[in-house]
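> Handing you a structure now.
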Amino acid sequence: MGHAQQAKNDSPLHEQYENFVEIEKEKTIALINAWEENEKAKAQTKAYKELCSIEAWENNMKTSLELDLKKMEENSEVEKAEYSKRFKKKIPEIEKIAEAKREKIEKLKEQKSINLKKMSEKLSANPNAYPPKTKTCGCF
């Protein structure tokens, strides 16, 4: 019986099957890697858009303050001096808020990358689990 099993394993059909299995495994791993890279790219794009949004907000706030300052320049010198002091105090606050938001986005981007790497490792360990189960509807 052992000899029959050996002959079966040496057959060209068995060898083709083994090659097929190996190719399918490699394809699955390639798909997992492509999926991971795609998800990373999406996360980076989202973070970039949010960082741009924060920068635009920061610039808008600064421009708004500068316009307000110009309006105040038309008033008396005393009023101008007081507003200038308030203006100069607000800029660091805006920059601090913008920096905190940037840091938050960077942390989220890093966490997303870590999570994607973990999921990719999990999927690579068990290629039959690809593609990942994603919900298409929030109620199921």
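The values are calculated or read from the model by the stated rules, or taken from the named source; none is laboratory data. What you see is a predicted model; the values in this text were computed from it and never measured. In this analysis, Cβ positions are derived from the backbone assuming ideal geometry, glycine residues included, and neighbour counts consider all displayed protein chains. Please note that ligands, DNA and RNA were not included when accessible areas were found on the heavy atoms of the full protein model with its side chains. Shrake-Rupley method; radii C 1.70, N 1.55, O 1.52, S 1.80 Å.
> Any idea how many residues of the stretch 35-72 are among the hydrophobic types (A, V, I, L, M, F, W, C) and either touching a strand residue (DSSP E or B) at 6+ places or on another chain (Cβ under 7 Å) or loosely packed, with under 12 Cβ neighbours inside 10 Å (or both)?
Total meeting the criteria: 4.
> Answer yes if at least one residue in the stretch 17-32 is of a type in the set (Ser, Thr, Tyr), part of a helix (DSSP H, G or I), within 17 Å of the chain's Cα centre (by Cα) and within 30 Å of MET119 (Cβ to Cβ), and no otherwise.
no
> Which of the numbered conditions does LYS8 fail, given that it passes all the others? Conditions: (1) modelled with pLDDT of 90 or more; (2) open to solvent by 90 Å² or more (accessible area, probe 1.4 Å).
Exception for LYS8: condition (1).
> For the stretch 92-113, which residues satisfy the criterion of being open to solvent by less than 80 Å² (accessible area, probe 1.4 Å), among the aliphatic types (A, V, I, L, M) and closer than 30 Å to LEU31 by Cβ?
Passing the criteria: only ILE105.
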